[in-house]
Structure formats: C-alpha cells, structure tokens
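**Q** Submitted below is the structure of interest, expressed as structure tokens.
The values are calculated or read from the model by the stated rules, or taken from the named source; none is laboratory data. Keep in mind the model is a prediction, meaning the values are calculated, not measured. A quick note on method: Cβ atoms are made from the backbone with ideal geometry, for glycine too, and the neighbour counts reach across all protein chains shown. These area figures cover heavy atoms from the full protein model, side chains too; ligands, DNA and RNA do not enter into them. Shrake-Rupley method; radii C 1.70, N 1.55, O 1.52, S 1.80 Å.
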Amino acid sequence: LYIRSYSRAPFPSIMLSWFFGNAIEEEKEEPVPEGHRIHVVVEGQRLPVDVDVLAEFSALFLQVQLTSAAECPLEDFPGGAAAFRKIVEVLRFLQVAKSAGNEPKLEDAPLKVDEDNVLNLFEAAWLLECPKLFEIVMASSLLRSLSSRRAVEILEHLLPFTTASVPPQQQETTGAQFSGHNPACTEAFLKTFLLETQMWQRTEAAVVELAAQLDLSDFLLGPRLATGSVRVCACLLRLHRKQEEETGYVGSALLPVTSVWKNLVDKPLRIKIVWDAHLFALYCIHKHLLDGDHALETQGVPTTEELEDKVAHEDISLTESEHFGEEALASISDLVEFVDIPKVPPNLMGLLIRTLMQSERMDTAKTIYAQVFSASLAVRRIPVPSLWLRDVAGKEESISVLLKVLQEYKTMSAMGATEVIQDVLLDAFLGSATSSSTPGMQSLLSHPIIEELVGACFAAGCKASASSRGEASASDSASASADHDSGQAEPSPGSPLPGKGISRCPKHWGGAGMLAHLGVLGARLFEATLLQQNGFLPRDLQSTIEASIDPQPEPIVKKVESSCLWDEGLLPVELLQRSLGEAAKKSRSSAAGAAATAAAVLSLGQKVILRHLWHRFSGRYIEIPELRKLWELAYWPLCEQRQLIHEAFEYLKGTYRQLQGPGGRWCPEHEEAMFEMFAALDLARLPSVAFSTPWMPPQVGAVRLWVQLAPVKDWQHDVKEEIASENVAVQAIKLECTKLENKLNIVEQRSIVNKSQINDAVASINEFQRKKRESRTT
C-alpha cells in the first residue's frame, strides 16, 4: 500500500515520488514536450502510456509529467499488469469524453468491478491518487448491492486510507512556499492539491456510505473499525448511535438471534473485541494522540485486538495530558461527546476538559470540571477561569488551586482581580461555614499572598481616592522634591511611605469605580483574615516590653524596626473598630471556643494599636485626645496579658511625663483622661516595682491599693459569712445531742426496771425449784 506525504522542501522537491528518488532541480530540468510517452514497469513488463492523458486524473502521473523520467516503476501494482491496462483504458475513455465536451456516466466506464478485483481497484486508486477511478468503483453495481457482512469487510479495508491525506495545515504551508515560483509550478501544485483533496473527500464519503449500509448486528465497534481518521471515527460513532436510536428496545433484544442466523448463512465476522461508544472513542483518542499501534510495534509486541483493548482501558501519564497543544486537542474534539465522563481515567479527563474549553463548550467543561475535580490531579492543574473555583469551594483540594490563582493577581485585570477576590475567595470559600474552618483553608488565609492582596486592594482604594481629588503623580513628585529641599525628606510618623504603599497596586489596574470597589473588598478581606494573618503585623515581630524586676522610674521606649502594611499608611487603625467591637461582645459568651477566639482578636488589636503608637513616636507622644480614642478602641479592660498591659503602662508613663513637663498642654480634662486610661489597665497584674515611678497620676496608686485591698475585703466578708453558717451548724448539732441524751436517759431507766423484773423472776424460779425438791423428798 503506497501512502505519499509531502515534505516542506521547495517545489519541485515535494513533487518527488517514492518511486523516483530525488527530483532534479527546476533550473536543471530539460523541457519535456507535451504528449510525451513513458514506460510504466509492472511485473517486469514495460507498458507505454501517455503521461499527459493520465495526468488529468492522477496526481501520481501529474508529478511524473513534471520530471524528465522515462520510466515509472510500479512493480507491485495491485492486480498486476492486466489491472493497470484496464485502468489506463478507463482514464483514456474519460479523457476522450472530456475532450468531446460530454460528461460521461460512471456506469458506462469500461471497467468491470467484481468480488475478485474490488479491493485491488481501491488500492490502485489510492496508489495513482485518482479520485475518478474511486468514484467508478463506488458507483458499480457490486458496491450498491453489497450484503451487510461484505460491506463490513470493505469498510475495514477502506478505513486506513482515510488517514493517508496531508493535514490541512501542512498543505497550507506547502502552498505558501510556492507563492514566489513561476506560474507553471503553481498551477501544477494546485492541480495536485485538488486531486488529493478530492481523493480524501471521496474516501471519507465512501466510508460513510458503507457504514450506513450496515445492520446494527454487524455494526460492532472495535479495533478493526478504529483504523480510520479521527473525523471518520466520529462519523462512525454518530451513525452507530443513530442506528441504536432507530432500532429501539425490541430490535435490540433480537440482535443476538439475527447475528446467529447471519453466522449460519453468511461469513462470520472477524472481530474479536467489541466496545461500546465510550471505549471506542477513548481508543481513537489514544491512537491519534499517542500512536498506540506504533508504540506497541517499537516494543517488539505484535498489535492484536487484545492489546488494543488494553490500550483503550489505559490512562495516559500526567506529562502527556499537559503536553498536547491546541492543534492536537482540536483534532479530537469530535470524539469528546461520546465519552462517558464517570468512566474516564483521571489524567485523560484533564485532556478532555482542555479539549472542551478549546472548542468553546465552556458550560460542559465547567460541569465536568466540578464533578471530577477531587479525583484528578491533571484536572486540578488545568488553567481554568477563576470563577469555576466557586463550584469546588467545599473540596480540600481546591485550596492549592485557589492559591495558585491568587498568586497571579498582578497579571490580572482589575475586573479579573475583583472576580477572584469577591466571587471566589470571599463569597464562595470564606462564605461557606464548613470550608472556612478546615485546616487547608486556615493555611490559605495565613499565607503571605493574602497580605499582598489586602495591600494591593487598599492601594487601589487610595489610588481611586487620589484620582477623585484630582491628585496626579506629578504633583506628588513635586511635593516630595520640595520637602527634600526644605530639609523635610523624612516622612512624618504614621504617614504612608513615599511610593511604597501606592506601588502595591498594579499599574495596569484602572477605572476609578473599579479601584474604589477593590478598596471595599480589601476591607472585607482584612476583617475576614485578621486573626489568621496575625493582625497584619510583621511576621518577625519582636516580643513586647518585659516587666523588669528592678525599679524603672523613667518610661521605657520601644523601637520599631520591621515594616508592615500599617507602617505604609495603607491600613488605618480605625479598621479595627468593627472587628474589636464584635470580639468584645463575644468575649462575654459562655462558649469556650468563641471566647478564646475573641480574646485572640482583642490581643491582636491591642498589639496593632501599641505598635502604631510606637511607630509614630519620634521623641514626642501623641496628643491626649487622639490617644484616648485609640485607648477606647483597644478595649483595655478586657486585656489579661501582663506583657501588653506593661507595654501600655510604659507608654502612658511617657505621655504623662510629657504632659507634666515643659511645653506640656496640661489641663484638668487631660489629667482626668490620663487617669481614666491608667484605670482602664488591669494594674493588679503588674509587679509592685513597676509603680516605682513619679510619672503617673497619684490617684492611680490609691486606686491600685484600693483594688489590691478589695480582694482582702471580699475574703473577710466571705470568712464572716462562713463563720456564721458554721455557728448555725453547731447549734443544730447541739440540739441533736440534747435529743439523743434524753433518749439515752429513757433507755437507762427502762434498763433498771428490766433488771429489777429479771431479779424477781430469778427469785421466783429458785423458790419454785426449792419447793419441788422438798416435795420429792417427802
């Protein structure tokens, strides 16, 4: 069987034939006169033919026409020399009819098609690349009157021919190479291209015609019908499904009886393995993408139906599922509809979903993606639209996929980032009470990418606010330059670092409305991840100020070294108001878990506020009114951590020293505010040496003593109540003893009486016995 394929070499190199070897370069070829004759060698016989006549219908002789070859070796021509003479006669007949301007009927062609030569004629048509010869064979009475069993045999013979055509993309590339050649070469190429295309189309049409003639009992899907092209295999699957639908339940039930009867009166089918449409489609995918037959042959294993059946049930490797590009996926798109999704192996499922996405069947691909997400690693590694993750939010495996998506936020558009953060992360993942408490979700929420997202969202909000106020980046640069010239290059405490905070927003994010919405989403994400992100404090945060055992009269100052979002001015401290307010309410809850979580949130909020105060410290403490607001925001009466209380106490000492020192804005209101802030701290948790300082209101010491004495007073009250209750108990015991004593006296009196009665009885008995003895003696 001769199957020709083009190379990418320039024209006339692709016109080479397997029979001629290397072609002569165009400029070296001698002109060949029209109507020249050559000899075709078949079975050792040299048969003269007119190449110009045969070239009108045969792509093979069209190539020979462009060469200076005097012979065309076709030693193994199907059917031998006799068949070749008959074919030449048929082509001459067609040429004569064409020259006369008549369109001959294919049935009138001088060619007899019978059982003995039908297969040879098909092979000869493909060897010569002659579509007219193929049409004559298909129009013969033999092909029109075939039985179903005979049609199966011819169908199996024709199917491999459907894979012998040049791929369309290679044909387009080859044709583009001749745009600069002479018109004669271009015309010859177009004629060859036309003949080959007609041959390929006619073969596919013939296969479909033969398949349509099959009875359902003979139309058995198996390896013998999977030798055609992917397109033809998809057509066979559609015809098979159509026949099954038309047959119905009753006809399907009678198929075994029909098959047994045909085996008795006709030649039995050679098929050994029978598949359903699902396995047939999977095998075709394997065969087309992985070249399963070639893989078996290279391993030295002969291809059998049993081995092909094994291939149909096998999965592909993870690397192979990701290797194939758009061109390969497009070629198998017609087969996907026949696959039974629950039965597809995991890695192959990833390939099928990619195929559906490329063919723009997104709804089907999305449904399948959600169904097989947990079972297939190949599916989870597919880059899908981010909104698809909403359907898999409750699955543990979705965390790693979402993390990869979030890490690409800088390459997303503002709209894409909004969809990922709002619809996927906040609504689907964090909105589910079951998924948000899993270990995987906790690891995601504590990941550094969440801090980056929050920073980018708040930077986008700042960018939108600046745009609405008409602040341009040029004016910011000019202002920064003016500050530098005036000796004020350093930013003021608490102000955003120049360029660092706003640079967290990707430059291609635009649209004031979209940026403002991203800022709102950043606030939602901040509240949802405050605890897991450790309050968005630096991950290498130093411990708080330790309470020293030595007296520290002067305030201790804590130095802030590392930076975070709070230092860049992106996160205002007021963001903590809602989170800390809810935590304060939950701290009074009777549920142990809710109270512990609330205490952790309050502790983080207090750390953030203290770090904010120390970050703003540049030799002077903040003013009393602002400090009082921050103190109320921190809910210090609920703080039970000694280290935090001591750090807050040291800051208040410094503030009070500043208030009392030169330049301090002392007033009764500020003095009262300082006292209230000191009183808000649970000072009883600090050691006594911490109060060896003059920098606190005197009332604080009195209150501290009163607070320290309060437990003693309570203890005394408790002791007094306990003594009173014990006295009542003693009185009750005494009363009970009196009752018991009275009863004991009564018993004693009765004992005396009983003793007297016993003595009387003993005396009476003795007297009776004496009298009885005396009576016996007498």
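**Q** Can you give the FRET efficiency to the nearest 0.05 for Asn754 and Glu582, using r as the Cβ-Cβ distance and R₀ = 60 Å?
**A** Details: r = 82 Å, r/R0 = 1.37.
Result of the calculation: an efficiency of 0.15.
**Q** Distance from the Cα centre of the stretch 300-363 to that of the stretch 440-462, in angstrom?
**A** 38 Å
**Q** What FRET efficiency comes out for Glu669 versus Glu452 if R0 is 35 angstrom and r is the Cβ-Cβ distance? Round to the nearest 0.05.
**A** Numbers: r = 43 Å, r/R0 = 1.24.
Once the sixth-power term is evaluated, E becomes 0.20.
**Q** For Lys366, give me every one of the lysines with a C-alpha distance below 17 angstrom, ignoring sequence neighbours fewer than eight places off in its own chain.
**A** Lys395
**Q** If one computes the Cα centroid of the stretch 95-154 and of the stretch 602-644, what distance in Å separates the two points?
**A** So the separation of the two Cα centres works out to 96 Å.
**Q** In nm, to one decimal, how far is the Glu767 label point from the Glu209 one, both placed 7 Å along Cα→Cβ?
**A** Result for the modelled spin labels: 15.4 nm.
**Q** Which of the listed residues, Ser99, Ala59, Ile87, is farthest toward the dipole's positive end in the stretch 37-115, when Lys, Arg count +1 and Asp, Glu count -1 at the beta-carbon?
**A** Ser99
**Q** Calculated FRET efficiency, Leu387 and Glu623, Cβ-Cβ r, R0 51 Å, to nearest 0.05? List each step's numbers first, then the result.
**A** Values: r = 49 Å, r/R0 = 0.96.
Efficiency, rounded to the nearest 0.05: 0.55.
**Q** For Thr304 and Ala594, compute 0.36 nm times the residue count separating them, minus their Cα-Cα distance, and round to one decimal in nm. Write down the numbers at each step before the final one.
**A** Values: separation 290, 0.36 × 290 = 104.40 nm, distance 6.68 nm.
Net length gain for the segment: 97.7 nm.
**Q** Would you mind getting the accessible area per residue of the stretch 650-743, heavy atoms of the protein chains only, 1.4 Å probe, in Å²?
**A** Roughly 65 Å² per residue, with all protein chains present.
**Q** Sorted by packing (mean other beta-carbon atoms within 10 Å per residue), highest first, where do 574-580, 62-68, 741-747 land? Walk me through the intermediate numbers first.
**A** Details: 574-580: 17.6, 62-68: 21.0, 741-747: 9.6.
Final packing ranking: 62-68, 574-580, 741-747.
**Q** Here is a follow-up. Averaged per residue, what accessible area in Å² does the stretch 309-449 show with a 1.4 Å probe, protein chains only? Mind dumping the intermediate values first?
**A** Details: 6320 Å² over 141 residues.
On a per-residue basis, the stretch 309-449 sits at 45 Å².
**Q** Another one. How large is log10 of I(q)/I(0) for the stretch 641-778 at q = 0.18, 0.22 Å⁻¹ when the intensity is taken from the Debye formula with one equal scatterer per alpha-carbon?
**A** Log10 of I(q)/I(0), two decimals: -1.04, -1.25.
**Q** Excluding same-chain residues fewer than 8 positions from Lys558, which lysines have a Cα within less than 18 Å of its Cα?
**A** In chain and number order, the partners are Lys607, Lys653.
**Q** Here's something else I'd like to know. For Ala375, put the label point 7 Å out on the Cα→Cβ axis and report which residues of the stretch 315-341 keep their amide N under 16 Å from it.
**A** 315-316, 339-341
**Q** Starting from the Cα of Thr186, step 7 Å along the direction of its Cβ; do the same at Glu245; then give the gap between the two resulting points in nm.
**A** Taking the simple label geometry, Thr186 and Glu245 are separated by 4.7 nm.
**Q** Two-decimal Rg/Rh of the stretch 575-619 from alpha-carbon positions, Kirkwood Rh? Don't skip to the end; give the middle numbers.
**A** On the way: Rg = 12.8 Å, Rh = 11.2 Å.
Ratio value, two decimals: 1.14.
**Q** With each pseudo-label sitting 7 Å past Cα toward Cβ, what's the Lys743-Leu426 distance in nm, one decimal?
**A** My value for the distance between the label points is 7.8 nm.
**Q** Quick one: length gained pulling Val274 to Ala512 fully straight, 0.36 nm per residue minus the C-alpha distance?
**A** Details: separation 238, 0.36 × 238 = 85.68 nm, distance 6.32 nm.
Extra length available between Val274 and Ala512 comes to 79.4 nm.
**Q** Run the accessible area of the stretch 665-778 with a 1.4 Å probe and give the carbon-and-sulfur part as a rounded percent. Could the numbers behind the result be given before it?
**A** Values: 5490 of 9050 Å².
The value for the stretch 665-778 is 61 percent carbon and sulfur by accessible area.
**Q** Moving to a separate point now. Which of the lysines could be linked to Lys132 by a straight reach, that is with a Cα gap under 22 Å, when you skip same-chain ones fewer than 8 residues away?
**A** Lys86, Lys98, Lys105, Lys112, Lys191
**Q** Another question about this same structure. Once phi is turned into θ = phi - 60°, what whole-Hz ³J(HN,Hα) does the Karplus curve with 6.51, -1.76 and 1.60 give for every residue of the stretch 739-753, x standing for Gly and Pro?
**A** Running phi through 6.51 cos²θ - 1.76 cosθ + 1.60 with θ = phi - 60° gives 4, 5, 5, 4, 5, 5, 5, 4, 5, 5, 4, 5, 5, 5, 4 Hz.
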